[in-house]
């Protein structure tokens, strides 16, 4: 098992074989969380699954759930995923009517509260509210589809978040999602990320445990 302060590797089931989900989940038992992307074909131009599927994943996963809601009206829908037992629920800043109130509600249910931002979204308005969130997800691709290329132009934003969270003493995880693999995880770690979503870099590997271990070690060697 990883050390408590080690970089977290959260494989994305977008890259898994949906027909054999229980077996796919068993393959990532050495990961920290499983990243579950919920898309509604409205906030993003793709459709995955909803609460029923997440409930089944929750029942069979060997690791906690890191649910990423790419949906409209998360103020209404996000608490339901926390009630299913997800360890972490992340909603998009761009979609929320009241991000702070929603984060507090998620925490009240018992989930970690995360907020995500698209590549083009400014984060400066979050600085004075960092303590309201347990995780901030900086998307390193445009959300909606797996397999996209990593966007290095998002790194300055991540670096500012890391600097501000350290300056303010905020206990917030900084997550990146999109194009993360052996060739990009070092850049994200150097910019301040400590939690990494990886899809094909994990599920496409011949030895998944070795892939997770390698990503974690590379991130640790380049941590901010």
Take the eigenvalues of the Cα gyration tensor for region 10-55, scale each by 5, and report the square roots as semi-axes in whole Å, largest first. 21, 11, 9
Would you mind getting the Kirkwood hydrodynamic radius of region 17-128 from its Cα pairs, rounded to one decimal in Å? 14.5 Å
What ranking do 90, 195 get, fewest neighbouring Cβ atoms within 10 angstrom at the top? 195, 90
Beyond 26 Å, what share of the Cα-Cα pairs of the chain remains, rounded to the nearest whole percent? 28 percent
Two-decimal Rg/Rh across region 120-167, once Rg and the Kirkwood Rh are taken from alpha-carbon atoms: 1.00
Give me the one-decimal nm value for the distance between modelled label points at residue 21 and residue 6, 7 Å along each residue's Cα-to-Cβ direction. 2.8 nm
Separation in nanometres of the label points that stand 7 Å from Cα toward Cβ, at residue 42 and residue 220: 4.3 nm
Each label point is 7 Å from the Cα along the Cα-to-Cβ direction; what then is the distance between the points at residue 60 and residue 145, in nm? 2.7 nm
Taking R0 as 25 Å and r as the Cβ-Cβ distance between residue 104 and residue 128, the FRET efficiency 1/(1 + (r/R0)^6), rounded to the nearest 0.05, comes to 0.95
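Read-outs: derived from the displayed coordinates by stated rules, not from any lab. These figures come from a predicted structure and were not determined experimentally. Here the Cβ is made from the backbone with ideal geometry for all residues, glycine too, and neighbour counts use every protein chain on show.
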